[in-house]
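Q: Dumping the structure here so I can ask a few things about it.
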Amino acid sequence: MKLSISFRSALRFFTYYYFNNTLGFVSGISKLTSRDYIEEMNEMPSNVEMMYTIFSNNIEMNTEGEVINFKHATKRAAKFVASCLFYEENQYTVEPPFEEWETELH
């Protein structure tokens, strides 16, 4: 079985938003809209790995393989990105906190 076109599209768009530095605009996480987060994230490759883990563990599809919660999965992953960035003031706190299944590596 192949991955659905809908999932492949969702993954492509998520990756595009991340590398185009527009993840904050798409997710509504304002802390990301004024930062070039890619350089900071790339300093620790495991952070990028965890971002994709959170995205993929949150994504849901219906029985036809259509992604049904792209915005939610994107926002959860974006919250992780925001939590990785160094802020002198107002450290970003993920709400609600990540559950164990969201960060489980496969």
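Q: Can you name the residue in segment 75-103 that is part of a loop (DSSP other than H, G, I, E, B) and hydroxyl-bearing (Ser, Thr, Tyr) and, of all such residues, is surrounded by the fewest Cβ atoms within 10 Å (Cβ to Cβ)? Full working, then the answer.
A: Step one: filter segment 75-103 for residues part of a loop (DSSP other than H, G, I, E, B), giving 85-99.
Still in the list and also hydroxyl-bearing (Ser, Thr, Tyr): 87, 92-93.
Working: Tyr87: 11, Tyr92: 17, Thr93: 9.
Once the filter is applied, the top-ranked residue is Thr93.
Q: Being surrounded by fewer than 16 Cβ atoms within 10 Å (Cβ to Cβ) and either of a type in the set (Val, Ile, Thr) or over 11 Å from the mean Cα position of the chain (by Cα) (or both) narrows it down to one residue among His106, His72; which is it? Break it down into steps so the answer makes sense when it comes.
A: Values: His72 fails: either of a type in the set (Val, Ile, Thr) or over 11 Å from the mean Cα position of the chain (by Cα) (or both).
It is His106.
Q: Scan segment 37-57 and give yes if some residue there is surrounded by 17 or more Cβ atoms within 10 Å (Cβ to Cβ), in contact (Cβ under 8 Å) with a residue 60 or more places away in the chain and part of a helix (DSSP H, G or I), otherwise no.
A: There is no residue in segment 37-57 that is surrounded by 17 or more Cβ atoms within 10 Å (Cβ to Cβ), in contact (Cβ under 8 Å) with a residue 60 or more places away in the chain and part of a helix (DSSP H, G or I).
Q: For Thr33, state whether it is surrounded by 11 or more Cβ atoms within 10 Å (Cβ to Cβ) and at pLDDT below 95.
A: Yes, satisfied.
Q: Identify all residues within segment 73-89 that are in contact (Cβ under 8 Å) with a residue 12 or more places away in the chain and over 25 Å from Pro45 (Cβ atoms); write none if there are none.
A: Hits for segment 73-89: nothing passes.
The values are calculated or read from the model by the stated rules, or taken from the named source; none is laboratory data. Quick caveat: nothing in here was measured; it's all calculated off a predicted structure. Methodologically, a virtual Cβ is constructed for each residue, glycine included, from the backbone with ideal geometry; neighbour enumeration extends over all protein chains shown.
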